[in-house]
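Reviewing the structure listed below.
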Amino acid sequence: MSALAVRVDTTSPVPPYEQIRAQLAALIATGRLTEDERLPTVRQLATDLGLAPGTVARAYRELEAAKLIRTRRGAGTRVAALPPAPKHPDPAQLATLAGDFTAAARALGADTEAILSAVRKALD
C-alpha cells in the first residue's frame, strides 16, 4: 500500500482511535482504499502516527466489527468487499458517514465552512 493519508490531531477532543477509524472508514467508503488493499500493521501505523499500538488496534477492531476490513494471520489486514449500495440510502447510515467525514475533516483542522465547501464541491 502507498502512503496512507491518516492524520491524528492530539489536541482534538475526538479520541485518536476514533480519528483513525473515521478517516479509514471514509477512505474505504470513497474508494480511495480498494477491496483487498493491504493496510499497514498495527505496529507500523502506530509508529508512523506516534501512538501506542493499542490505539491503532482499537480502531482496526472497530473497522473489523463494521466489516470494512478483515484480518487474517499471515495475510495481514486488508480492505473488505463493500456490500452493494442500497437503492435508497438509510438516513442513519448517511448520518454516520457524515459524522465520520466531519470527524476526519476536523482532525485535519478544517472548520465548518471548509467542510461544507468540500461537500458542495464533491456533489458537483
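Some observations on this one:
- Residue that is farthest from LEU68 (Cα to Cα), among those in the range 9-23 that are modelled with pLDDT under 95 and aliphatic (A, V, I, L, M): VAL14
- Among (1) surrounded by 14 or more Cβ atoms within 10 Å (Cβ to Cβ); (2) closer than 24 Å to THR10 by Cβ - the single one ALA80 does not satisfy: (2)
- Residue list for the range 21-47, filter: under 21 Å from ALA98 (Cα atoms) and in a helix (DSSP H, G or I): ARG21, ALA22, GLN23, LEU24, ALA25, ALA26, LEU27, ILE28, ALA29
- Matching residues, the range 84-113, being in contact (Cβ under 8 Å) with a residue 12 or more places away in the chain and of a type outside the set (Ser, Thr, Tyr): LEU97, GLY99, ASP100, PHE101, ALA103, ALA104, ALA105, ARG106, ALA107, LEU108, GLY109
- Identification of helices (runs of 4 or more DSSP H) wholly contained in the range 48-124 with 2 or more residues that are under 16 Å from ALA22 (Cα atoms) and hydroxyl-bearing (Ser, Thr, Tyr) yields 53-65, 91-107.
- Single condition VAL8 does not satisfy, out of (1) closer than 20 Å to ALA110 by Cβ; (2) free of Cβ contacts under 8 Å to residues at least 40 places away in the same chain: (2)
- Contact map, the range 27-52: residues that are on the phi < 0 side of the Ramachandran plot paired with residues that are basic (Lys, Arg) and outside any loop (DSSP other than H, G, I, E, B), Cβ distance under 6 Å, separation 6+ or inter-chain. Pairs shown: ARG38/ARG78.
The values are calculated or read from the model by the stated rules, or taken from the named source; none is laboratory data. These numbers come from a predicted model, not from an experiment. Note that each Cβ is placed from the backbone with ideal geometry, even for glycine, and that neighbours are counted across all protein chains shown.
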